[in-house]
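None of the figures in this text is laboratory data; all of them are computed from the coordinates on show. Note that the structure is a prediction, hence the values are computed from the model and not measured. Virtual Cβ from ideal backbone geometry, glycine too; neighbours counted across all protein chains shown.
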Amino acid sequence: MKVLLVHPSCLLYSEIYLRLEPLGVERVAQAVRAAGHEVRLLDLQVLRHTDYVRMLTTFQPEAVGFSGNYLANVPEIIGLARTAKTLQPQCYTFVGGHSASFIAQELLHHAAGALDCVLRGEGESSTPQLLTAFPDGAVGTVPGAVTLEGSGPPPRLLDDLDQHAPARDLLAKRHKYFIGALDPCASIEMSRGCPWDCTFCSAWTFYGRSYRQRSPDAVAEELARIQEPHVFIVDDVAFIHPEHGMAIGQAIERRGIRKLYYLETRCDVLLRNREVFAYWKRLGLLYLFLGIEALDAETLLLHRKRVTLHESLEALEVARQLGLIVAINLIADPDWDRAQFRFVQEWAASVPEIVHLTVNTPYPGTETWHTEARKLTTLDYRLFDVQHAVLPTRLPLPEFYREVVQTQAILNRKHLGMRALWGASRMVLSHLAHGQTNFLRMLWKFPRIYNAERQYADHSREVTYALSPPPVAGTQALKTTDLYVHRPKVAQRRTV
């Protein structure tokens, strides 16, 4: 069977700071190819919609699958599915991914026939099963499959994360993937899931609060095959178990692999396992992303971070001592006033780290989607990108965006623009010598992408597809296990 897998376009944040290879779709593509199908992979982060139309007409796929990891891409995905049905009326269309898993029935109703199925949960095993089942009308037997007629069995976690190495050979324009100064940059997964339960996050609800690890030798083998000199480690929290991080590092060292790495972790994990991060610094770890999220104890408690502000600041000091470049995320609440913005701006200017803001956004699949008492001011999928305010703002909305952009401009002054270009001139010249321009282009994009008038105007666009509103907060007790897409392995074994 001919199968086309499609990743949708960039979100606002990705237009500047990063453009990551679609690792999940690559893994699914490899699983589908291993099942004997002919596969094409199209990434609209680096290609155009005209390329998609051309692929539909020349390749003539019998099935088209879309990656639905982000809510903001929902209208685009439905449009792409309609195009597929118009040009190839007999093709089977489906969507999978993180966000799609939480709004399966809603997606199908929006699409009104343009999407045949939503696959909830991990797609590596369920996608080949779906491709076998749909010609015989047996979609209802596929774990995680949801159609307008009903749902199949619950999605199941993969037994082995080492299966289905990403089909990187199917991607065009790999030189377009980067994160910050790591240009070009590949991605790799060393573990999957998160055992914590932050109220604003849906990683733990997607995986049923499970946490699984790949084998060190399999990780090293995949790294050895990666051509790019830079690698982003996509784990939600890297090196939770120090022995696993050390074992991967030793496998890398035995093979003599030399890369520069960017990873994400928690402050308490860094404090607890600092020797692992010190070891990885010697292996090439350069950038560290820490989700500090808040600078006061009350908000940290609301987010259920389980990390104190003192621990966060201590983790920053440890990272400085290790010589790591740290990027920090803070969550800007729409209820912030001018004084709160001034405080954050002054703090961001006082520390050497890269400080970035995201806007507090309740998502389907998060606990705050059910418990946030403030009524959403918009249900436009396109605004659910952590860069727009979807909750009521204390300041007038245009002023809120001006404050967000002004705060974010501190990053621009410290780490982008002419000053940064001068400081990073050797790196930029090296990129240019190898034909890489992503980082250089990034330095000049900030005023065009982060623009208060543009973000405010986005609220006035006609809404074609709107989210169903969340349940009224407080009307019923929330059972967090009801939010799970995957049941933990223990529960699955009991069922078996």
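Compared with the direct C-alpha span, the chain from ARG338 to ARG448 gains 37.2 nm at full extension, assuming 0.36 nm per residue.
Evaluating 6.51 cos²θ - 1.76 cosθ + 1.60 at θ = phi - 60° for every residue in region 58-75, the Karplus couplings come out as 8, 7, 6, x, 8, 9, 10, x, 10, 8, x, 6, 10, 4, 4, 8, 4, x Hz, glycine and proline recorded as x.
Remark: the chain is approximated by an ellipsoid whose semi-axes, taken from the C-alpha gyration tensor as √(5λ), come to 33, 28, 24 Å, largest first.
Applying 1/(1 + (r/R0)^6) with r as the Cβ-Cβ distance of LEU309 and ARG82 and R0 = 56 angstrom yields a FRET efficiency of 0.70.
If eta is 1.002 mPa s and T is 20 °C, what Stokes-Einstein diffusion coefficient results for region 2-151, Kirkwood Rh from Cα pairs, in µm²/s? My calculation gives 142 µm²/s for D.
The calculated pair-distance distribution of region 33-90 uses every alpha carbon pair, bins of 10 angstrom beginning at 0, and gives 19, 56, 24, 0 percent.
Any of LYS176/LYS305; LYS305/LYS375; LYS176/LYS281; LYS176/LYS375; LYS375/LYS479; LYS85/LYS375 with alpha carbons more than 29 Å apart? Name them for me.
Result: LYS176/LYS305; LYS176/LYS375; LYS85/LYS375 exceed 29 Å.
Between the listed residues THR377, PRO135, PHE59, the Cα displaced farthest toward the positive end of the dipole of the chain, a dipole computed from Cβ unit charges relative to the Cα centre, is found at PHE59. Taken one residue at a time, the phi angles of region 40-48 give Karplus couplings (6.51, -1.76, 1.60, θ = phi - 60°) of 10, 10, 10, 10, 7, 5, 10, 10, 10 Hz. Gly and Pro are set to x.
For region 132-188, the set of trypsin sites (Lys or Arg not before Pro) satisfying both a DSSP loop assignment and a count of at most 16 other C-beta atoms within 10 Å is given as LYS173.
Residues whose amide H lies under 5 Å from that of CYS201, counting only those 5 or more places away or on a different chain, are GLU367; hydrogens are built 1.01 Å from N in the peptide plane. Projecting label points 7 angstrom from Cα along Cα→Cβ for GLN321 and ASP197 puts them 3.3 nm apart.
Taking θ as phi - 60° and the Karplus parameters 6.51, -1.76 and 1.60, the scalar couplings of region 165-178 work out to 4, x, 7, 5, 5, 8, 8, 8, 6, 5, 5, 7, 8, 7 Hz in sequence order, x denoting glycine and proline.
Annotation: extensible slack from ALA278 through HIS109 equals 55.8 nm (criterion: 0.36 nm per residue apart, minus Cα-Cα distance).
May I ask you to compute the full-extension gain from GLU38 to THR464, defined as 0.36 nm times their residue separation minus their alpha-carbon distance, rounded to one decimal in nm?
Using 0.36 nm per residue and subtracting the Cα-Cα distance, I get 149.9 nm.
Charges only on Cβ, +1 for Lys and Arg, -1 for Asp and Glu: so what's the dipole of the chain about the Cα centre, in debye to the nearest 20?
I would put it at about 860 debye.
When +1 charges are put on Lys and Arg Cβ atoms and -1 charges on Asp and Glu Cβ atoms, the dipole computed for region 177-460 relative to its Cα centre reaches about 780 debye.
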